[in-house]
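Working notes for the structure below.
Every number here is computed from the coordinates shown, using simple stated rules; none is lab data. Remember, it's a predicted structure, so these values are computed and weren't measured experimentally. Cβ placement follows ideal geometry from the backbone for every residue including glycine, while neighbour counts extend to all protein chains displayed.
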Amino acid sequence: MSEKLRRKGRGCRKGGLIPLAAFIFFLFLWDGAWAEDLDTLPPSPPREVTAFDTPNDAGGSITLTWRKSTDDGTGAGDVTAYIILRAERKEGPYKEITKLPAGAVRYEDTTTKDGVDYFYKVSVSDGVNISESPPSQAVHSKAQWFNFKRLNMLLAGFILSLGIVYFISRARAGKELYIRKIAGLDAVNEAVGRATEMGRKVFFIPGILDLDDVQTIAGLSILGQVAKLTAEYGTKLEVPVCRSVVMVTARETVKEAYLDSGHPDAYNDEIVHYLTDDQFGYAAGVDGLMLREKPAAIFYQGAFYAESLILAETGFSVGAIQIAGTAMPSQLPFFITACDYTLIGEELFAASAYLSREPRALGSIKGQDLGKAIILFILGLGVVLETLGITGFSQLFTTQ
Amino acid sequence: MGFFRGMLNLDRRIIFILIAGAVVVPLFIPFHLKMHPTPASQGLYNAVEKLPEGSTVIISGEYDPGTAPEIQPMMIGALKHCFRKGIKVILMGLWPQGPALEGQALQEVFKEKEFKEMNLQYGKDYVNLGYKAGGAVVIQSMGTSIPATFPTDMAGTPIEKLPLMKGIRNFNDITFVLDFSAGDPGTPAWVMFAHDRFHVPMAAGCTAVSAPMLYPYLQTKQLSGLLGGLKGAADYEWLTKSSGTGIRYMPSQSIAHLVIVIFIIIGNIAFFVVRKGEKR
Amino acid sequence: MRREIPLFITAITGVVFIIAYFIPHPPFNQIQDLFQTWFQIIAAFAIILGVLNLMVVNGDKVYRRSKGWGYSVIIILSFLVMAGIGTFKLGSKASPLEEGTPFMYLFYNVYYPLTSTVFALLAFFVASASFRAFRARNKEAALLLTAAFFVMLGRVPIGDYLTSWIPLKWLHLSTIANWIMAYPNMAAQRAIMIGIALGIISTSLRLILGIERSYLGGD
Amino acid sequence: MSTDIGVWIAAFLTLGILSFLYKDNPFYKVSESIFIGVSAAYWFVYMIYNVIEPNLLGNLQKGEWWYAVAGILGVMMLFRLIPKIGWLSRWAVAFMIGTGAGLNFIVYLQSNVMKQIRGTLAPLNSIGNIMMIVGVITGLIYFFFSAEHKGLLGGAAKVGIWFIMVSFGASFGYTVMARISLLIGRMHFLFSDWLGLLH
């Protein structure tokens, strides 16, 4: 309050209206609210109003910055709003385009026409009085050729792309690319082996989505491996599916595996059979099969939704070894607790690439690994720098 | 041991009856439970609470009747909260069921005396723009132009005839986004496009299934807050001091959780006892 | 030509959207805007294709009298009834999508209960699997179930009633659940999120470069 | 008990689906078939009146002819149903795939990689930050396939899987919560709207 009074006093001396100042002073002491109404003194105008074409954009926008009025927060502290005015000629007429709350120091006018010169004034209001800043320089908006705020994104995208393309081309050229063995694949042998000992069937469920889902494709390459083992051990395999397209492809996969392992005679089309497209109908159908056949090993590899629970529970209750693999996040927890082994998300794809040696899949896994390695390095370095109080490095990863 | 073995082979249908009981009985004996809102729920409440009167908020609905018990109370809570604060609401959805359920939520809100008396007008205080196909691309397209993306509202009224939509060109004219989603396309799409690309602050409500996956967005402030599942809905009702099915269903939810926990514990005890017996 | 043109279209559209992100200048931003508006319309046709395809598949089942064809008749009939009422705006003045129309009547009284009950079934299956299948069979599963225990009880008021007598607030179940969600859960979800994102980036790149072309199908 | 015939239809269909719990039966299958048909119809009508009419036909009427390209591509999409010219639908599919790929490439890199890296770069000055940083780093190591999980890397991967298991535990709890909520909603409908025993 004293700040306000001091400034008012100063203004009055300038105008030579000392009696009025005294009057206001007394009124102010008597009743603060009254004094507000009689506030005839305008707030100090905003300073250093600068207008410039908003950088890194598609045009149609001019940014304004200014320094706060000395009565905003400090001084009389009675600023209520900033008003942005715009004209196409320096002398006006200026039209109000928006009103901003006190404390504002920046505005982006997104209603400009590219190529047209504009002049801006920022005026400040204390609710009663208004004072205007002098007009800004002429400024016009235009579109830019590059968004420099996104330079870090360009670099990141470029490095990642280069890595992926490089590894895919290496894989295609027949270069040996190392992928570690996925632990869950050892369990495949064990499970099929046990089914052989017990003289019971092996079930393979390739999920409920169609062939356009990558998980189904990954699941089928694991089916190839399982079929190879059952062919070698002479164990019976059964693959109930819920998509006719998946059935066709799964038959090819199994047939090829039986051929490769030298037991083509053991193959027949009945191994892979279609039940129904319907989600719960399929679950009920597989359920019935499990209870009847009591398989010793059950594989769930592919995309699963809520039916995962019904299947895994029944499989568990018939005492089968269960090995699951899916990238469906909400089903993974259930598989982990109801199955003996679970390939989690990317492990499914890595296992499939490991088995199929398909260049695209293999190259992609390696490319992504490169990405992960870079990220791990950045995280390690960045955290150390942050802990030492050096924040510049992490700013590099701020994206717009 | 025979007892445990028998238990492991218990008919599913008996368990079905038990869980149905755990859900239904508490509905009949409603007891009032005190809520402890999660920091994530509090974040959403605070963000909406801070919005100035007269600001324009987009509320998008990506859910269907299947997930309505979780999401609908959030939607109703958000509408009430915005209306009380004098915020203008633009409803829309990236699932075709969303706008219909938003309409139902509006009806529920206006059943209450407080909101009936506000005399809010369609077209001026709130609009329902309906559904557009394309998921994330719709949001990206709204970043260029909302009128071009939504030439009409849900019922086919041209957007120029709605006073609320006057002066709304793209996300520059939107103060805040609230997204209520049950899956894909949903909250991640809104975060990626509305927040990260067009810089509109936002918060979300989602089914409990997807809530844990969205927590990284909370830490980075890509989301100001998050309501997760029925618990999130109940938190929001508690914070806005309104009543609704979130709090109403909490006793059933509590008892059912307890029953499931007990099931898991008994099942595991039986499993280990039987396995130990077999090893011998 | 059957493969080259689609590959070309994919490459062009993909590149336009990437370029427009970095170069805000016309014509890239304008092409992007145009493509966006097109996409929404084509996406709607894609959904219509799905719907019509479902009818063709079921019509085929009826025609061949294959197993369960009676149910296919029901699918087609219920589609025709609801789609007919909606498309021809039966009983509605302006739009079939407004409250109070016969279309919305079917939505509330047929579609609504069916969808929501299908989802409600899952509660039963979770309950029975909890009892019969969810086992702490190894260290990992034990850790999982322990975290689940805290979250399940910490996220409902009853958890706090069970532990509110403890003077230390950080031992209350809701505090523990909040902590699990905000730190270990968030960290692991972020690792998974980054991994999946790298996979999606790699797939997108392969599609744009024409390395991945399985969407073109055979021949 | 309700006197609204709509509520009775709804209740009847609800029980139809619930009958699956006893076993798979014709009553369930009929209810489910209705569900499939009605759901397809619902999507269909929304596409017509919320997308095709305003965004395509409306714009064409205004003389914005370039929307015709979208219309043509859309119709080409439907050619999939006619085997002889089905290959033409690939043009439309290719457009959608290209758009998705172009957008995803950028947004996943920005929102789910860069912003997440930025969020993780924090000083090691609190238990929360330490948990976050260790969790993210070891979790990423677990999904790293180019090196054997032995020694230091193996140890880190082991810690990573613990974090992942805790987060799956959280998902487990939340998924259970979701399923229960949906059942409560349905039970509330049966006992309140239909039987009128609850308020």
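For the stretch A:279-399, take the convex hull of the Cα atoms, compute a quarter of its surface area, and give me that in nm², please. All intermediate terms of the calculation are to be shown ahead of the outcome.
Values: hull surface 42.7 nm².
Over all viewing directions, the stretch A:279-399 projects a mean Cα-hull area of 10.7 nm².
Loop-located trypsin sites (Lys or Arg not before Pro) in the stretch D:62-94 (DSSP state other than H, G, I, E, B) with a sparse environment of at most 15 neighbouring Cβ atoms within 10 Å: D:Lys62. Using all pairs of distinct alpha-carbon atoms, the Kirkwood hydrodynamic radius of the stretch D:1-70 works out to 15.2 angstrom. Taking the Cα centre of chain C as reference, the dipole from Cβ charges on Lys and Arg (+1) and Asp and Glu (-1) amounts to some 720 debye. When the listed pairs B:Lys80/B:Lys113; C:Lys89/D:Lys62; A:Lys201/C:Lys67 are checked against a 19 Å cut-off, the alpha-carbon distance exceeds it for C:Lys89/D:Lys62; A:Lys201/C:Lys67.
From the gyration tensor of the Cα coordinates in chain D, what semi-axes in whole Å does the equivalent ellipsoid have, largest first, with each one equal to sqrt(5λ)?
Numbers: eigenvalues 375, 254, 71 Å².
One finds semi-axes of 43, 36, 19 Å for chain D.
Each Lys and Arg adds +1 at its Cβ and each Asp and Glu adds -1 at its Cβ; summed about the Cα centre, the protein assembly as shown shows a dipole of about 1320 debye. Normalised by the number of residues in chain B, the mean separation of alpha-carbon contacts (under 8 Å, six or more apart) gives a relative contact order of 27 percent. When restricted to Cα atoms, the stretch C:94-134 yields an Rg and a Dmax of 16.7, 54 Å, respectively.
For the stretch C:1-88, the Kirkwood hydrodynamic radius comes to 16.5 Å, computed from all pairs of different C-alpha atoms. Based on Cα contacts under 8 Å between residues 6+ apart, the stretch A:140-294 shows a relative contact order of 20 percent.
How crowded by other chains is A:385-396, given as the mean number of beta carbons from other chains within 10 Å of each beta carbon? Walk me through the numbers on the way to the answer.
Numbers: counts 2, 8, 6, 1, 1, 1, 2, 0, 1, 7, 2, 4.
Per-residue shielding by partner chains comes out at 3.
Beta-bridge orientation, the protein assembly as shown: approximately 40 percent antiparallel, per DSSP, counting only bridges with both partners inside.
Volume of the convex hull of the stretch C:136-219 (Cα atoms only), normalised per residue: 163 Å³.
The Cα atoms of the protein assembly as shown define a convex hull whose projected area, averaged across directions, is 48.9 nm². Translational diffusion of the stretch B:39-253, estimated by Stokes-Einstein from the Kirkwood radius over alpha carbon pairs at 20 °C in a medium of 1.002 mPa s, is 128 µm² per second. For the stretch B:231-280, place one equal point scatterer on every Cα, skip the solvent, and apply the Debye formula. What is log10 of I(q)/I(0) at q = 0.19, 0.30 Å⁻¹? Debye intensities relative to I(0), on a log10 scale: -0.67, -0.98.
Each of A:Phe203, B:Phe271 has some number of other Cβ atoms within 10 Å of its Cβ, and from fewest to most they run B:Phe271, A:Phe203. Take every Cα pair under 8 Å whose residues are at least 6 apart in sequence, average their separation, divide by the length of chain C, and the relative contact order is 16 percent.
Each 20 Å bin from zero up to the one holding the largest Cα-Cα distance in chain A carries the following percent of pairs: 20, 28, 20, 20, 10, 1. For a straight C-alpha distance cut-off of 14 angstrom, the aspartates and glutamates reachable from D:Lys158 (same-chain residues fewer than eight places away being disregarded) are C:Glu140, D:Glu148.
My understanding is that a pair violates if its Cα-Cα distance is over 32 Å; which of B:Lys88/C:Lys169; A:Lys68/A:Lys90; A:Lys236/D:Lys84; B:Lys132/D:Lys115 do that in this structure?
Numbers: B:Lys88/C:Lys169 40 Å; A:Lys68/A:Lys90 23 Å; A:Lys236/D:Lys84 41 Å; B:Lys132/D:Lys115 28 Å.
Where the Cα-Cα span goes over 32 Å, the pairs concerned are B:Lys88/C:Lys169; A:Lys236/D:Lys84.
Taking every pair of alpha-carbon atoms in the stretch D:10-126, give the share separated by more than 16 Å as a whole percent.
Values: 5296 of 6786 pairs.
Percentage above 16 Å: 78.
Average projection, convex hull of the Cα set of the stretch A:183-357: 8.4 square nanometres. Excluding residues fewer than 8 places away in the same chain, name every one of the aspartates and glutamates whose C-alpha is closer than 16 Å to that of B:Lys116. Filter leaves B:Glu108, B:Asp125. Computed over chain C, the P(r) tail beyond 23 angstrom holds 75 percent of alpha carbon pairs.
When you look at the Cβ of every residue in C:79-86, what mean number of other chain Cβ atoms sits within 10 Å? Mind showing how you got there, number by number?
Values: counts 10, 2, 4, 9, 9, 2, 2, 7.
What the average comes to for C:79-86 is 6.
The mean number of partner chain beta-carbon atoms within 10 angstrom of a residue's beta-carbon across peptide B:113-126 is 0. For chain A, DSSP calls about 60 percent of its internal beta bridges antiparallel.
Ranked highest first by the average count of other Cβ atoms within 10 Å around their residues, in what order do B:199-212, D:172-185 fall?
Details: B:199-212: 25.9, D:172-185: 28.7.
Top to bottom by mean Cβ count within 10 Å: D:172-185, B:199-212.
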